[in-house]
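Participant: Have a look at this one before I ask anything.
The values are calculated or read from the model by the stated rules, or taken from the named source; none is laboratory data. Model, not experiment: these values are computed from the prediction. Please note: Cβ atoms are built from the backbone with ideal geometry, for glycine as well, and neighbour counts cover all protein chains shown.
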Amino acid sequence: APPGDPRFPYVLTTYRLTEHHTGGGMSRFLSHLSELQPEMFVEISPELAAKLKIDNSDYVCIVSLRGAIEARALVSRRIQPVNLNGKTVHQVAIPFHFGAAGPLRGNAANNLVAISGEPNVTIMESKALVCNIIPGRLPRGPAFLDWLERNAPQAGQPPNLHPEQPPPGAPTGGRFSRSHGREGKT
């Protein structure tokens with residue numbers, strides 16, 4: 001979303017939990033670890049919780065330009081608003097270990113983040129994005145698409161992964177253009 005987009009007033013970051021490994025693909029299948037962290041949650045400050053009338057463990061929807069997920073609210077003093085040029089900016093945080101597979105399921109943080117790749121090693125950017133928090137549960141079925149269109153127009157639309165013209169300055173060579181993969185070699 002462009003800077004200052006009023007549809008997405010909060011800064012979101014992702015983080016790891018001690019109980020789960022990488023995206024959770026291995027640890028979500030282990031009952032003793034799943035019991036320790038059984039469900040997707042979003043950590044929000046007491047100030048933001050009060051502003052949005054959210055209580056600890058309420059369901060909330062997290063919406064970005066790419067999509068929406070549902071999680072329980074964890075009201076915590078670990079997440080604090082920051083003051084930027086006299087404006088209060090609220091931060092929220094979600095773990096990235098949940099997904100659709102395994103006995104422990106939950107909405108995935110990846111449903112919110114942009115489809116992108118760092119140019120040298122193509123690692124996706126998932127640490128910082130903007131979002132909105134809406135109290136309540138996500139609608140199911142066709143009602144979800146209507147809800148998404150109201151709360152995040154353009155979200156859920158397939159990105160143009162193969163534009164006819166590359167952006168200015170983009171490499172136009174083959175699969176590995178320029179010196180990708182040849183660092184330090186002559």
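Participant: Of everything in the range 1-29 that's surrounded by 13 or more Cβ atoms within 10 Å (Cβ to Cβ) and modelled with pLDDT of 80 or more, which residue is farthest from Asn85 (Cα to Cα)?
Facilitator: Filtering first and then ranking leaves Thr14.
Participant: Name every residue in the range 63-79 that is in a strand (DSSP E or B) and under 10 Å from the mean Cα position of the chain (by Cα), in order of residue number.
Facilitator: Val63, Ala68, Ile69
Participant: Has the range 102-125 got any residue that is within 18 Å of the chain's Cα centre (by Cα), part of a strand (DSSP E or B) and either under 21 Å from Glu47 (Cβ atoms) or modelled with pLDDT under 90 (or both)?
Facilitator: No, there is no match, as no residue in the range 102-125 is within 18 Å of the chain's Cα centre (by Cα), part of a strand (DSSP E or B) and either under 21 Å from Glu47 (Cβ atoms) or modelled with pLDDT under 90 (or both).
Participant: I'd like to verify a number: residues in the range 36-62 that are crowded, with 19+ Cβ neighbours inside 10 Å, touching a residue at least 60 places away in the same chain (Cβ under 8 Å) and assigned to a helix (DSSP H, G or I), how many?
Facilitator: Going through the range 36-62 one residue at a time, the tally reaches 1.
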